[in-house]
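The values are calculated or read from the model by the stated rules, or taken from the named source; none is laboratory data. Values in this document were obtained by computation on a predicted structure and should not be read as measured data. Neighbour counts run over all protein chains shown; Cβ positions are idealised from the backbone, glycine included. Heads up: the accessible areas ignore ligands, DNA and RNA and are worked out on the full protein's heavy atoms, side chains in. Shrake-Rupley method; radii C 1.70, N 1.55, O 1.52, S 1.80 Å.
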Amino acid sequence: MIPGHECRQMRQNRNSGIEMRLIYACLTALTLAAPALAEPAIVLGDTAYDTYGKRVSVSSVVRLATITGDRASMSATRAYLPAGKILLVGRGPLCRKQSLDLWCFAVTQDGLPVYVRADSKGYFKADGYDGFIAVAQRPGAVQTTDGRVLEYSSSERYQLVDHSEDTVTLAVGPENRKPGFDAATTVEIPREDSDFVFVDTDELRSDTSYAPIRPLTRGDALARLGADIIGLDLDAQSFREARDFFERLLVEEKNCSDEITLEQSAGIELAAGVGGLLSAIDAKLQITATYAKSTSYPKGMQMRALRYVQDLPGEGARFFEIWERLSHEDDSCKGVVSARLTGADDAERGGESGEITTQSARDMGLGVSESRKFPSYSCDREYFTALDHLTSADGRLSQAAAELLVTYAMRYQGDGGIKSCRNRGATG
């Protein structure tokens, strides 16, 4: 806390699945300019890349990023990124031209790696703001405490001035071009009805780097496991059995016509603390008891495991896992009848899970791809519907894990832009 400033603490309660956020609203203006800080770097593998610094996302379509070692490449696959996300935006070799647009690799505060349109088309700077900025994630209208109606669209931002237990006070001026708010004024809106997220400008100006969430290969997972168990007092045979077991356990893909049965019955006193099934890859082994495990994946089911890791400085590795499962009509594998997307958090960070299926997507008014029956979304409203479902309805995934699943496993099928939802009279 800066000396001479009085700060108070507040929480934005979850409403309709909006993530609980802890924010601090400083009530007095800064009297001294903060010293200039070096721009934080984006680290991929052993390479540190220069950045433009931190920006705030606007509601926009982004491209998915593929990270291989110390390199990032831009995928043709599109996804939606909501407004109000802090981005660490790369420059130089992390940017590339696509048609007439410049796209740059960026990492969100939660670690999501994407390519965003540069030149202020995918984000904005926070110059001119202090304390916290209120950024609208969804369009809406709210009645202020003095009886007026403030209408807003996604990506609009306002200076947060004050707060109480039940309300948030925003500054509205002529620059916001709001009917009925011609003169500079402040308005109070109910916190519980807010579609806003609050961005800390101190964080925007800090030199903290963000660790990207990147794919975890089977080889990398086994190497991490080997490094974890090599320090334990295991003889050579026990070590090989343990590693062989996890190698069989780490299924990455199964065709519909295949049948996989995993069985392990150790004759020695060997137990595996798998921790949340497959999501905690750095499981520790303990010599405590005979361990037996049997898992079967039948014919008629096609599946793929997507595993990710985020190496957090000072905290160690955080793991994420997403399973794509397709059920066919029968063992002949002629047609897909349903799909299931399941996400799992690291067992050491709660081990929660959540899923979206073909049926639940239809029940929520989302799209379903015609051939593979994958749940899809076509606009900002449907994105938040899926996100809320994973974090507060059919699961309790963390915000980071839910965003990873929606962005990297669901299909974005927007035709008329992120504000235009498809007609869901039929499956898409």
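The figures follow:
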{"quantity": "Residues within segment 328-379 that are touching a Ser or Thr at 6+ places or on another chain (Cβ under 8 Å), within 22 Å of I213 (Cβ to Cβ) and among the acidic types (D, E), tallied", "calculated": "4"}
{"quantity": "Filter result (within 30 Å of R307 (Cβ to Cβ) and touching a strand residue (DSSP E or B) at 6+ places or on another chain (Cβ under 7 Å)) within segment 177-220", "calculated": "V197, E203, S209, Y210, A211, P212, I213, R214, P215, L216"}
{"quantity": "Test: residue in segment 179-192 that is within 21 Å of the chain's Cα centre (by Cα) and at pLDDT 80 or above", "calculated": "no"}
{"quantity": "Residue within segment 88-101 that is within 15 Å of the chain's Cα centre (by Cα) and either modelled with pLDDT of 90 or more or crowded, with 22+ Cβ neighbours inside 10 Å (or both) present", "calculated": "yes"}
{"quantity": "Some residue of segment 26-43 being in contact with a strand residue (DSSP E or B) (Cβ under 8 Å, 6 or more places away or on another chain), at pLDDT below 90 and crowded, with 17+ Cβ neighbours inside 10 Å", "calculated": "yes"}
{"quantity": "Single match in G140, G147, G122, G128 (criterion: without any contact (Cβ under 8 Å) to a residue 24 or more places away in the chain and farther than 14 Å from E188 by Cα)", "calculated": "G128"}
{"quantity": "First in segment 351-380 and touching a residue at least 24 places away in the same chain (Cβ under 8 Å), second anywhere and aromatic (F, W, Y) and in a loop (DSSP other than H, G, I, E, B), Cβ under 8 Å, 6 or more apart", "calculated": "V368/F374"}
{"quantity": "Output for segment 319-340, where each listed residue is touching a residue at least 40 places away in the same chain (Cβ under 8 Å) and either open to solvent by 40 Å² or more (accessible area, probe 1.4 Å) or within 16 Å of S398 (Cβ to Cβ) (or both)", "calculated": "F319, F320, E321, I322, D331"}
{"quantity": "Single match in D415, D394, D380, D388 (criterion: surrounded by fewer than 23 Cβ atoms within 10 Å (Cβ to Cβ) and modelled with pLDDT of 85 or more)", "calculated": "D388"}
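Here's the yes/no breakdown for (1) of a type outside the set (S, T, N, Q); (2) open to solvent by 10 Å² or more (accessible area, probe 1.4 Å); (3) at negative phi:
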residue: A106; (1), (2), (3): yes, no, yes
residue: R117; (1), (2), (3): yes, yes, yes
residue: S120; (1), (2), (3): no, yes, no
residue: G147; (1), (2), (3): yes, yes, no
residue: L150; (1), (2), (3): yes, no, yes
residue: S153; (1), (2), (3): no, yes, yes
residue: R157; (1), (2), (3): yes, yes, yes
residue: L160; (1), (2), (3): yes, yes, yes
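Residue by residue, here is whether (1) hydroxyl-bearing (S, T, Y); (2) open to solvent by less than 30 Å² (accessible area, probe 1.4 Å); (3) closer than 30 Å to L102 by Cβ holds:
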position: K125; (1), (2), (3): no, no, yes
position: T144; (1), (2), (3): yes, yes, no
position: S164; (1), (2), (3): yes, no, no
position: D202; (1), (2), (3): no, no, yes
position: R205; (1), (2), (3): no, no, yes
position: I213; (1), (2), (3): no, yes, yes
